[in-house]
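Asks: Dropping the structure in here first, questions after.
The values are calculated or read from the model by the stated rules, or taken from the named source; none is laboratory data. Bear in mind the structure is a predicted one, so any value in this text is a computation, not a measurement. Cβ: placed from backbone, ideal geometry, glycine included. Neighbour counts: every protein chain shown. Side chains included, ligands, DNA and RNA excluded: accessible areas come from the protein's heavy atoms. Shrake-Rupley method; radii C 1.70, N 1.55, O 1.52, S 1.80 Å.
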Amino acid sequence: MSEKPVLSAPQKAMRRLGLHRDIDLALHLPLRYEDETRITSLRAARDGDTVQIEAVVIGCEIVHRPRRQLLVTVDDGSDTCALRFFTFYPSLQKALAVGSRIRARGEVRGGFMGRTMMHPVIKPAGGELPDALTPVYPTVAALPQAYLRRAVQGGLARADLSDTLGAATIPGLPESLWSLREALTFLHHPSPEVSLAQLEDRSHPAWQRLKAEELLAQQLSQLQSRQERAALRAPALAPLRDGLHDRLLRALPFQLTRAQARVGEEIARDLAQPVPMNRLLQGDVGSGKTVVAALAAAICIDAGWQCALMAPTEILAEQHFRKLIGWLEPLGLRVAWLTGGQKKKERQAMLALVESGEAGLVVGTHAVIQDQVRFHNLALAIIDEQHRFGVEQRLALRSKMAGGGAAHEVASVGAGFAAGPPQGESPPLGGQRSDTQCASVGATFPEPHLLMMSATPIPRTLAMSYYADLDVSTLDELPPGRTPIVTKVISDSRRDEVIDRIRAQLAQGRQVYWVCPLIEESEALDLRNATETHEALSAALPGTLIGLLHSRMPAAEKKAVMSAFTAGQMGVLVSTTVIEVGVDVPNASLMVIEHAERFGLSQLHQLRGRVGRGAAASACVLLYSTGDAPRLGETARARLRAMAETADGFEIARRDLDIRGPGEFLGARQSGAPLLRFADISVDVELLEWARRQAPRMLAEIPESAHKHIERWMGGKSEFLKA
Ligand code: ADP
Ligand code: MG
């Protein structure tokens, strides 16, 4: 047992395909099927049919014209056929010696030279015909189909496929029919009478069974991680009367929208629990997420703990920082600022503020989760535009609280916890931690509360499936006084009209964004670059200050340009997508996006959301260019059409999901979420709803079956979901 087995090449290939356990093999379903259940006579085969014939070899020779090949002639009594092989081994030549009876399977071509099959699959004649279709599995080079077939067959026979569903019945499936074993056996070896259409569109009952099981596994595993999280501890952040929260609320220059107030309460309720919050705050661009975040931070600080707010770009982080100090410093709060581009001295000072606990709020970019950062007592982490962060970064934030991750940090972070809140309550958890306890993260450490924010709303079916582990709060209302943004899709050849529009906006004292996709001429893409546009606009609009912002500029320069624009000194800002997320300049009323066809749908929607933030009527112009092509590609047109037709972020997200599919939409590779292999949430909504109802019941009533079900379906993969 303890010896390390030496793996053959096909075995290694199977590992690479993730085929470790019997159940993995049993769930490795065919790509397609071949029908070897019957023999067709040559005379009955039509041009283009893929058939199996049984015939006698009447000629076998190597010819050199038009190309070197093995040319075999066979006769099945009804007609003759030429079999051509351009690559062949002597063994094939031997098997096809004149007089042999063989079976050949391939596509028959008519041709005036007579019937031909190119590279048919050859078997000796005789032997029983199979009574089921032959599966063709997805495979890789080092893993021959025949080897894989045997392996799958073995795995299927050995795998424990006993029922886990208990009394649950699957919608649309007759009870007692299609057990998991029956369904899998059928899908690997369907009878030749089956409707191939039903197999292909996965509407066959065997597919239904499989999809139901898969969706159930997804729900169960997320429910389980939710329950595991409920067993973890977090500091309970009770609200304080007349604290920072209440004073901020009074000091705001506006009233919260009803949606903001409701969502604020949802968050406050979570924070008051001694269990880590895991909540997503979604709201369309401009719905006012920042103030909700500030109020959550204030609750945390009122309770004597630190809060960290992290944004994906320096510009966005800086803007949050400004806004938050504007709101909170007059109320006496110290806010620390951490970013990669910071001067060393400033950084040291900030790190000291964070470590001593003097700064109740820490705002910054990824720099917030770097090794040197030691929090005094972090209790709430807020991540803006969460979809821009990967799983690792979210995990890093969590571990900032749970002992800093690295062993050498444990001592100082531990000390931070021991200090606890200043009000002299008992030290919040972890006070008497020893190093051995540190090893078991979760059991002894408090976790921070996590609030993620996103302007890319998750369509309902995705929220129900991939994000079932998350609590979601939605800002479904924009602050009052906004006028809808008019969106125009215009060909690049009409730039002059666009410049006239800009002039008109500038004349009214408004400001304009012009967004370009690339900063330098790239031969491959031949995009008009931001620099060139900047020059052209400067020439066309004399007397107007026109700024240029791109990602390769030094941070200080970016900052200067951005603040000149924010302050209204600059009429037009030409920029690459660095302004994509979150930038808030209410006086900007026109957004021009150049080469709009190159942007993703949610990116376009985010960009458009940069305008329409004040009371002035705003517009978004999507300039497209077809380049040398006569017209735009299908998906590019679908994106631009969606932009023109709706301004509703949820509708945009739904269409984006349609256009891209869940894998791309989720950014599966970076989110780490295991994707569904069999079910399709855009089709299988009924099964998804069923699984959502079943999962809690199963975990409560038949927990052992539930765990067995998760293990069977997710194996080691469910870990990812907990991030
Ligand atoms: P987003 O949800 O896109 O992050 P922001 O938080 O940047 O939106 O808010 C957009 C703008 O709306 C900001 O200028 C903000 O100060 C303002 N705002 C937020 N809430 C309200 C409100 N209840 N009434 C009026 N203006 C508001
Ligand atoms: Mg924002």
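Asks: Which residue, of Val108, Val121, Val98, is in contact with an Asp or Glu (Cβ under 9 Å, 6 or more places away or on another chain), open to solvent by 50 Å² or more (accessible area, probe 1.4 Å) and among the β-branched types (Val, Ile, Thr)? Walk me through how you get there before you give the answer.
Replies: Working: Val108 fails: open to solvent by 50 Å² or more (accessible area, probe 1.4 Å); Val98 fails: in contact with an Asp or Glu (Cβ under 9 Å, 6 or more places away or on another chain).
One residue alone meets the criteria, Val121.
Asks: OK, next. When the residues of the stretch 61-90 are narrowed to those that are within 16 Å of Arg101 (Cα to Cα) and of a type in the set (Ser, Thr, Tyr), which ends up least open to solvent (accessible area, probe 1.4 Å)?
Replies: Restricting to residues being within 16 Å of Arg101 (Cα to Cα) and of a type in the set (Ser, Thr, Tyr), the top hit is Ser78.
Asks: Shifting gears a bit: Give the residues of the stretch 252-298 that are more than 14 Å from ligand 1 (Cβ to nearest atom), charged (D, E, K, R) and touching a helix residue (DSSP H, G or I) at 6+ places or on another chain (Cβ under 8 Å), sorted by residue number.
Replies: Within the stretch 252-298, the subset more than 14 Å from ligand 1 (Cβ to nearest atom) is 265-279, 298.
Those still in the list that are charged (D, E, K, R) too: 265-266, 269-270, 279.
Listed by number, the list holds a single entry, Arg279.
Asks: Here's another thing I want to ask about it. What about Ala349, is it at pLDDT 90 or above, of a type in the set (A, V, I, L, M, F, W, C) and away from ligand 1 (no atom under 16 Å from the Cβ)?
Replies: Numbers: at pLDDT 90 or above: yes; of a type in the set (A, V, I, L, M, F, W, C): yes; away from ligand 1 (no atom under 16 Å from the Cβ): yes.
Considered against the rule, which asks whether it is at pLDDT 90 or above, of a type in the set (A, V, I, L, M, F, W, C) and away from ligand 1 (no atom under 16 Å from the Cβ), Ala349 comes out as yes.
Asks: Which pairs turn up if I take residues in the stretch 184-203 that are closer than 16 Å to Phe678 by Cβ and look for partners that are of a type in the set (Asp, Glu) and surrounded by 14 or more Cβ atoms within 10 Å (Cβ to Cβ) with beta carbon separation below 9 Å, at least 6 apart in sequence or on another chain?
Replies: Close Cβ pairs (under 9 Å, with a partner that is of a type in the set (Asp, Glu) and surrounded by 14 or more Cβ atoms within 10 Å (Cβ to Cβ)) amount to Arg202/Asp680; Arg202/Asp684.
Asks: So for the stretch 597-604 (the condition being free of Cβ contacts under 8 Å to residues at least 40 places away in the same chain and more than 16 Å from ligand 2 (Cβ to nearest atom)), does at least one residue qualify? Reasoning before the result, please.
Replies: If we filter the stretch 597-604 for residues that are free of Cβ contacts under 8 Å to residues at least 40 places away in the same chain, which is where we start, we get 603-604.
Subsequent filtering for residues that are more than 16 Å from ligand 2 (Cβ to nearest atom) retains 604.
Yes, the stretch 597-604 contains a residue that is free of Cβ contacts under 8 Å to residues at least 40 places away in the same chain and more than 16 Å from ligand 2 (Cβ to nearest atom).
Asks: Kindly state which helices (runs of 4 or more DSSP H) lie completely within the stretch 165-258 and contain at least 3 residues that are open to solvent by less than 10 Å² (accessible area, probe 1.4 Å) and either at pLDDT 90 or above or out of contact with any Ser or Thr (no Cβ under 8 Å at 6 or more places or on another chain) (or both). Before the answer, list the steps.
Replies: Details: elements: 180-188, 196-200, 205-230, 244-251.
Output list reads 180-188, 205-230.
Asks: What is the number of the single condition among (1) in a loop (DSSP other than H, G, I, E, B); (2) over 25 Å from Lys323 (Cα atoms) that Glu651 does not meet?
Replies: With respect to (1) in a loop (DSSP other than H, G, I, E, B); (2) over 25 Å from Lys323 (Cα atoms), Glu651 is out only on (1).
Asks: Can you tell me which of Ala530, Ala596, Ala556, Ala540 is away from ligand 1 (no atom under 16 Å from the Cβ), modelled with pLDDT under 85, of a type in the set (Gly, Ala, Ser) and open to solvent by less than 40 Å² (accessible area, probe 1.4 Å)?
Replies: Values: Ala596 fails: modelled with pLDDT under 85; Ala556 fails: open to solvent by less than 40 Å² (accessible area, probe 1.4 Å); Ala540 fails: modelled with pLDDT under 85.
Of Ala530, Ala596, Ala556, Ala540, the one residue that is away from ligand 1 (no atom under 16 Å from the Cβ), modelled with pLDDT under 85, of a type in the set (Gly, Ala, Ser) and open to solvent by less than 40 Å² (accessible area, probe 1.4 Å) is Ala530.
Asks: Scan the stretch 605-641 residue by residue and report those that are within 27 Å of the chain's Cα centre (by Cα), farther than 23 Å from Arg501 by Cα and outside any helix (DSSP H, G or I).
Replies: Within the stretch 605-641, Leu632, Gly633 meet the criteria.
Asks: Right, something else. Go through (1) at pLDDT 95 or above; (2) touching a Gly at 6+ places or on another chain (Cβ under 6 Å) for Asp47 and report which single condition fails.
Replies: Asp47 satisfies every listed condition except (1).
Asks: Here's a follow-up. Identify, please: which residue in the stretch 614-650 is within 19 Å of Pro457 (Cβ to Cβ) and open to solvent by 50 Å² or more (accessible area, probe 1.4 Å) and is, among those, modelled with the highest pLDDT?
Replies: Filtering the stretch 614-650 for residues that are within 19 Å of Pro457 (Cβ to Cβ) and open to solvent by 50 Å² or more (accessible area, probe 1.4 Å), the one modelled with the highest pLDDT comes out as Glu645.
Asks: Any residue at all in the stretch 481-492 that's touching an Asp or Glu at 6+ places or on another chain (Cβ under 7 Å), in a strand (DSSP E or B), in contact (Cβ under 8 Å) with a residue 12 or more places away in the chain and within 16 Å of ligand 1 (Cβ to nearest atom)? Reasoning before the result, please.
Replies: Applying the first criterion (touching an Asp or Glu at 6+ places or on another chain (Cβ under 7 Å)) to the stretch 481-492 yields none.
No, every residue in the stretch 481-492 fails to be touching an Asp or Glu at 6+ places or on another chain (Cβ under 7 Å), in a strand (DSSP E or B), in contact (Cβ under 8 Å) with a residue 12 or more places away in the chain and within 16 Å of ligand 1 (Cβ to nearest atom).
Asks: Helices (runs of 4 or more DSSP H) wholly in the stretch 281-386 with at least 2 residues that are within 16 Å of ligand 2 (Cβ to nearest atom) and surrounded by 21 or more Cβ atoms within 10 Å (Cβ to Cβ) - which ones? Reasoning before the result, please.
Replies: Working: elements: 289-302, 314-328, 344-356.
Result: 289-302, 314-328.
Asks: Would you check which residues across the stretch 299-325 are within 15 Å of ligand 1 (Cβ to nearest atom) and under 22 Å from Pro446 (Cβ atoms) and list them? Don't jump to the end; show me each part of the working.
Replies: Initial filter on the stretch 299-325 (within 15 Å of ligand 1 (Cβ to nearest atom)): 309-313, 315-325.
Matches in the stretch 299-325: Leu309, Met310.
Asks: Output the residues belonging to the stretch 235-266 that are within 16 Å of Leu470 (Cβ to Cβ) and more than 16 Å from ligand 2 (Cβ to nearest atom). It would help to see each step written out before you state the result.
Replies: Going residue by residue through the stretch 235-266, those that are within 16 Å of Leu470 (Cβ to Cβ) are 263, 266.
Listed by number, the list holds a single entry, Glu266.
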